[in-house]
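Below: one structure, written as structure tokens.
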Ligand code: FES
């Protein structure tokens, strides 16, 4: 499957100023571990223009539409991403809990 997980880190996503209670470094480490477990990689991106939904993560696999997730602020969301990738990831149904984090890609709202 080789997922690519794009993790936004810029003016809002990943900042203590906007999300002081989140360990953003640990979150990035965990996302790298999750991607690797599923044969994929993480790319850190500059602002994805959806700051109001920070932290933003985009999950992609070849042949499926990228899925944009917002408000990625606690470990349970990371656990849900991990479980979803194990079940097939993008191109399969988004679990109900993770569907709550789905946001529209920049430029489509
Ligand atoms: S900093 Fe992540 S969407 Fe702007």
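We did not get these values from a lab; they are worked out from the coordinates using the rules stated. Computed from a predicted model, the values in this text were never measured in an experiment. Here Cβ is always computed from backbone atoms with ideal geometry, including for glycine, and neighbour counts include all displayed protein chains.
Considering only region 41-65, state which residues are assigned to a loop (DSSP other than H, G, I, E, B) and either within 11 Å of the ligand (Cβ to nearest atom) or in contact (Cβ under 8 Å) with a residue 40 or more places away in the chain (or both).
46, 47, 48, 49, 50, 54, 55, 56, 61, 62
Can you work out which of the residues in region 14-40 that are more than 10 Å from the ligand (Cβ to nearest atom) and touching a helix residue (DSSP H, G or I) at 6+ places or on another chain (Cβ under 6 Å) is farthest from residue 69 (Cα to Cα)?
38
I'm trying to understand the selection: among the residues of region 3-31, which are touching a residue at least 24 places away in the same chain (Cβ under 8 Å) and in contact with a strand residue (DSSP E or B) (Cβ under 9 Å, 6 or more places away or on another chain)?
Within region 3-31, 3, 4, 5, 6, 7, 8, 9, 10, 13, 14, 27, 31 qualify.
Considering 31, 78, which residue is buried (at least 20 other Cβ atoms within 10 Å of the Cβ) and not in a loop (DSSP other than H, G, I, E, B)?
Selected residue: 31, the only one of 31, 78 that is buried (at least 20 other Cβ atoms within 10 Å of the Cβ) and not in a loop (DSSP other than H, G, I, E, B).
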